[in-house]
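Have a look at the structure below before the remarks.
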Amino acid sequence: MKKLLAWFDHRSGLIEAGRQYLDRPVPGGPSWLRVWPSTILFTFLVQAVTGFVLWSYYSPSDQSAWESVYYIQHEVAGGWLLRAMHHWSAQVALVLIGIYALQMILTGAYRAPREMVFGSVVLLGGCALGLLLTGDLLAWDQNSYASTHVRVSFLKLLPWIGDDLFKIAIGGPGPGFGHLTLPRFLALHVGLFTAAFAGLFLLHGLFRHRADQLETATPERSTSYWPSQAMRNNLAAFAVFAVIMLLSLQNGVNPEHAGVELGSPADLDPANKYAAARPEWAFLGLYEFAHLFPGSLSLLPIFVIPGLLFALVLAMPWIARTKPGHYFNVVLILSLLAGLALLSVHSIRKDLANEEHQLAIVREADQARRVRLLALGADGIPGDGALSLLRNDPKTQGPKLFAQHCASCHAHVDAEGRGIAAEDPSAPNLYGFADRAWLVGLLDPERIATAEYFGNTAFRGGAMVDHVQDALADLFEDEKEEVESLAIALSAEAELPAQREADARDTARIAEGKTFMVNPYGCTGCHKFHDKGRLGGAPDLTGYGSREWTIGIINDPAHPRFYGDDNDRMPAYAESDDPAENLLSARDIGLLADWLRGAWYEPE
């Protein structure tokens, strides 16, 4: 074995090189202040290994990026942990580089002969920021898309070259991100910034080695790297690994919640832009600082001031050739860090106090949970991407459609006032529409003429209100069960998913209610109900509240089957055979009807 190793070393020189590396002199002896390069290297190796595995699963397309990250997070064994380690090792690396540079400034270790060492550390920090910026988008969820789009759009502020740089960055003419944006960012992340980081770290090692040689040429005390400094470096790397693992495991080990949160898929529709998007913590202070400069002046806090400060930091070793210069550097860097910290805290506190911001976060969290639930359904993620799951989900789209098209008149709020409030309530509250409780309230003499039902409509003095308040008043007081049976029978027409079991159980009461509907106190004096009554007096109650009935009244409430000429201001959303002339598409009306009826996918 010794002869084999001797032959290998004779041919390669690697064993001798390793021995010389371990025996190299360390100026000033072993110190914990010298562990930073090894910990930075360790975090880079963690990122390289985990990043390569993640890369092997990743598909950079606007219809597959989120889906591949979802697969890593929820389907690949240990994928959530790899993703979390990759994420947190990048954050820890930036912190370590910052500590390293700060320690060099505070201790004066950035002065001759270590000017190049310090410069390489500063450039490493710039590469680490570049890795965070380009890597953030790759998850392709709402926050990463919205925040990255804002940051990249700042390129347009640059005179003459801004638009061209923006097109290069996003891989297309714009104005928004396109099909080539994700491949472009992946190339920048894996290729440019990773290669630049590795190259700069090699240069940093060469510069440190040269500086060590220059310093050990002086009478200063020095010892070999092995074993004292090597043991310190290894212990520091182990501590860093422990921190990365603690951060990665902070949310437990259940893949549904563990690791790094994955939001809902990015939606390029400006109408669905995520309003609470924020940059990574490292850019939060700069983000808040930019708010102090309105309009085109944003060029100053985004490019000019940071560029000048970056150049000033690179020049610090030469400024520090005199004691006053060194003190200036220390005061400057501590002031900058304090300012960024204060701005970051101010930004966080402002967001915490902003109800709309917090509501947007809650809605996005709900949407992220919803898309994960839909992806776990029997059909999984369709070929056109996970975003289509949300676009075709009544529970997701219904509230948006209602708020946009219905909330000008109708409310959709529960007894506690939670839900979608009407801008100017002039029509019934549709929360629980067609269910048993809603219909009992409609037949309640004390409630029918309130704002909850017909109180703000043209029907508040009509035949329906008169009938309930006169003919049904005593019955509601003395024989409420009969009125409830009527409500149960009418609600059964809707075939609501939430009442399926109750309807199957209460067949006797449903039959009783149907009989009551056609007696003198019932409904067929004005309404049509199956083969009883006639059309034209009031809405047809056959299939009342069913999907087909609800879609029909949304399509055209003035149809003879519904309100006819007595329709009270409700617009027809799809009365034309030409889709271009309708206010809503058939798909959107179906989603709205399903949402009102509570008919959406839920796991068994």
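Every number here is computed from the coordinates shown, using simple stated rules; none is lab data. On a predicted model such as this, the values are computed, not experimentally measured, just so you know. Positions of Cβ are backbone-derived with ideal geometry, glycine not excepted, and every protein chain shown enters the neighbour counts.
Over all distinct Cα pairs, what is the inverse of the mean 1/r for the chain, reported as the Kirkwood hydrodynamic radius in Å?
29.6 Å
List, largest first, the extents of the alpha carbons of segment 423-476 along their principal axes, each in whole Å.
Answer, in whole Å and largest first: 35, 24, 14 Å.
Residues with beta-carbon under 14 Å from that of LYS514, excluding LYS514: net charge, scoring Lys, Arg +1 and Asp, Glu -1?
Charge balance near LYS514 sits at -4.
Would you work out the charge dipole size for segment 394-596 about its Cα centre, treating the Cβ of every Lys and Arg as +1 and the Cβ of every Asp and Glu as -1, and quote it to the nearest 20 debye?
Charge dipole, segment 394-596, about its Cα centre: 420 debye, nearest 20.
In deg cm²/dmol, rounded to 500, what helix-only [θ] at 222 nm does the chain give when every DSSP H run of at least 4 residues adds -39500 (n - 2.57) and the total is split over its residues?
Rounded to the nearest 500, it is -18000 deg cm²/dmol.
Based on C-alpha coordinates, I'd like the Rg and Dmax of segment 425-532, in Å.
Final numbers for Rg and Dmax: 13.5, 38 Å.
I need the P(r) histogram for segment 394-596: all alpha carbon pairs, bin width 10 Å from 0 out to the longest distance, whole percents.
9, 34, 40, 16, 1, 0
Per 0.36 nm of contour for each residue apart, how much would the distance between ALA6 and LEU373 grow if the chain were fully extended, relative to their Cα-Cα spacing?
126.0 nm
Using all C-alpha to C-alpha distances in segment 173-215, build P(r) with 10 Å bins and read off the rounded percent in each one.
25, 28, 20, 15, 9, 3
So, in segment 394-596, how many Lys pairs have Cα atoms under 25 Å apart, if the pair is 8 or more places apart or on different chains?
Taking the Cα cut-off of 25 Å, the pair count is 5.
For every other residue with a beta carbon closer than 14 angstrom to the beta carbon of ALA341, add +1 if it is Lys or Arg and -1 if Asp or Glu, then tell me the sum.
Residues close to ALA341 contribute a combined charge of 0.
Bin width 5 Å, alpha-carbon pairs only: give the P(r) of segment 325-392 as whole percents, running from 0 to the bin holding the largest distance.
The distribution over segment 325-392 is 3, 14, 13, 11, 9, 8, 10, 9, 8, 6, 5, 3, 1, 0, given as percents.
For the residue pair GLN404 and ALA275, what label-to-label distance in nm results when each label sits 7 Å from Cα along the Cα-to-beta-carbon direction?
1.5 nm
Give me a comma-separated list of calculated 3J(HN,Hα) values for segment 546-553, in order, Karplus coefficients 6.51, -1.76, 1.60 applied at θ = phi - 60°, integers in Hz, x for any Gly or Pro.
5, 4, 5, 5, 5, 4, x, 6
Assigning unit charges at the beta carbon (Lys, Arg +1; Asp, Glu -1) and nothing else, what dipole magnitude in debye, to the nearest 20, does the chain show about its Cα centre?
About 5060 debye.
Roughly speaking, what is the stretch gain from ALA311 to ALA498, that is 0.36 nm per residue apart minus the C-alpha to C-alpha distance, in nm to one decimal?
60.9 nm
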